[in-house]
1. Can you tell me which residue among Ala369, Ala396, Ala403 is surrounded by fewer than 18 Cβ atoms within 10 Å (Cβ to Cβ), on the phi < 0 side of the Ramachandran plot and hydrophobic (A, V, I, L, M, F, W, C)?
2. What is the number of the single condition among (1) basic (Lys, Arg); (2) out of contact with any strand residue (DSSP E or B) (no Cβ under 9 Å at 6 or more places or on another chain); (3) free of Cβ contacts under 8 Å to residues at least 12 places away in the same chain that Lys427 does not meet?
3. Give the number of residues within region 432-448 that are hydroxyl-bearing (Ser, Thr, Tyr) and touching a helix residue (DSSP H, G or I) at 6+ places or on another chain (Cβ under 6 Å).
4. Taking region 296-313 on its own, how many of its residues are out of contact with any Ser or Thr (no Cβ under 8 Å at 6 or more places or on another chain) and not aromatic (Phe, Trp, Tyr)?
5. Quick one: count up the residues across region 412-460 that are in a loop (DSSP other than H, G, I, E, B) and among the basic types (Lys, Arg).
6. Return the residue satisfying two criteria in turn: it lies in region 77-120 and is in a loop (DSSP other than H, G, I, E, B) and free of Cβ contacts under 8 Å to residues at least 24 places away in the same chain, and of such residues it is surrounded by the most Cβ atoms within 10 Å (Cβ to Cβ).
7. For region 203-238, give me each residue that is small (Gly, Ala, Ser), out of contact with any Phe, Trp or Tyr (no Cβ under 7 Å at 6 or more places or on another chain), part of a helix (DSSP H, G or I) and more than 17 Å from Ala311 (Cβ to Cβ).
8. Within region 63-76, does at least one residue satisfy the condition of being under 17 Å from Pro129 (Cβ atoms), at pLDDT 95 or above and part of a loop (DSSP other than H, G, I, E, B)?
Amino acid sequence: MTNSNEPVRFPDSFIWGAATASYQIEGAAREAGRGPSIWDTFSRTPGKVHAGHTGDVACDHYHRYRDDVALMAELGLHTYRFSIAWPRVQPDGTGPVNPYGLDFYDRLVDELRGRGIEPIITLYHWDLPQTLEDRGGWTNRETAEAFAEYARAVYARLGDRVQTWTTLNEPWCSAYLGYGAGVHAPGRTDPAATFQTVHHLLLGHGLANQALRAAGASTVGITVNPTSAFPADPASEADAKAVELVEDLQNRIFLDPILRGGYPQRILDHVSRFTSLDHIRDGDEKIIGEPIDLLGINYYSPTYLAARDGAPGGGGAFPGTEGIEFIAPEPPLTDMGWQIQPSGLTALLSKLGRDYPGVPMIITENGAAFPDQLHPAGDRVDDSDRVAYLDGHLRAAHAAIAAGVDLRGYLVWSLLDNFEWSYGYDKRFGIVYVDYLTQRRVPKASARWYQEVIRRNGIG
């Protein structure tokens, strides 16, 4: 990797931006015809979310988007990645489109473009309409078909002004954390449901990709969060096998169907331990494997694994990994308890570039939570630990580019402090501090540092 003090410059065409997600920032949960999502339900289930927090108000971005876009422009962002709330567009997940829901995104897109900021739309960032969950959610094939209809409706309204579309955000989290481990909405703990969900999410991606293409979309992709996994003992064949299995469950089960046209047989053999494969129909893999133009990569932390007799494995988040120890992360750690290791990003991007050549990549999320405190003067947040984290990871991304990886851009997670899923408002990822009582925004030191990175197109 580049020396930590050495200046680095990124390619002239490199894209700089920031990312958010609908349920995490919008608020306005009951306005303009929005229906309930699985996260509305989950956050109201006792014991599921820290302190009973919900996304009812969040950052009130629904009402404050103009000020937020002005802040993006001040920071010099080239692009802004945000997600559409499916329950705003179709309150029941199917049927008539709610024009008032799309009106908000209409205004947001126009505001962004008026400021010279290109929108990147994510169609699904986990807020499934509750009505669809009541019918089986992502275990039901009809949800994948409904997703394509929803994608078509959104494109019909925004496609004339939005160039880049991504279908899903982190389907691993949706499937494994939502339907396997139960720590995300809808809170189910069924390995059979987990693997059915994996396939239907991928099918939904493929069908939406087809719908967007047919409507005229020029750039379509998906965002995944592949593990950057390492053996605890590099010389251990058993540890290497443990890494292979975890990579199968988090990386290849998604990327091979999307980019290689089908599931590896050993993954199907593993899945068949928990469910029949009847949910995978003839022709599905062809739909899933329709070409994409861009692969979004979210990276935060590495994983270290060891083969250990009696180890419990990864539980519902990694069904069938008994006998594998997920090694406790070593300091330095973020406020999430995640290990800080920028070289893991270089290794991941390089591996993906080798295994899936020919697909441009963009880092769609990278960032860190720290226990930020507003200065007593109320005018700043000195988050030097976040600056160090971002500096290290940008250098790691640059090292991957220097090694030949086709990496087109970097989007920091997140623009704003926000509702951090089951952690509620207890964890702060933003480069902009949000006072949740007043909704005041205060750019942190990391925001000003990032502003300078964008201006220089590099570090130092």
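1. Ala403
2. (3)
3. Here is the first cut: in region 432-448, the ones hydroxyl-bearing (Ser, Thr, Tyr) are 433, 436, 438, 446.
Now restrict to residues that are touching a helix residue (DSSP H, G or I) at 6+ places or on another chain (Cβ under 6 Å): 446.
Of the residues in that region, 1 qualify.
4. Result for region 296-313: 6.
5. 3
6. Checking each candidate, the answer is Gly95.
7. Just the residues of region 203-238 that are small (Gly, Ala, Ser), to begin with: 204, 206, 208, 211, 214-218, 221, 228-229, 232, 235-236, 238.
When the remaining residues are screened for being out of contact with any Phe, Trp or Tyr (no Cβ under 7 Å at 6 or more places or on another chain), the result is 206, 211, 214, 216, 218, 221, 229, 235-236, 238.
The next check asks that each one be part of a helix (DSSP H, G or I); those that pass are 206, 211, 214, 238.
Gly206, Ala211, Ala214 - these are the residues of region 203-238 that are small (Gly, Ala, Ser), out of contact with any Phe, Trp or Tyr (no Cβ under 7 Å at 6 or more places or on another chain), part of a helix (DSSP H, G or I) and more than 17 Å from Ala311 (Cβ to Cβ).
8. For region 63-76, residues under 17 Å from Pro129 (Cβ atoms), at pLDDT 95 or above and part of a loop (DSSP other than H, G, I, E, B): absent.
The values are calculated or read from the model by the stated rules, or taken from the named source; none is laboratory data. For clarity, every value in this text was computed on a predicted model and none was experimentally measured. Methodologically, a virtual Cβ is constructed for each residue, glycine included, from the backbone with ideal geometry; neighbour enumeration extends over all protein chains shown.
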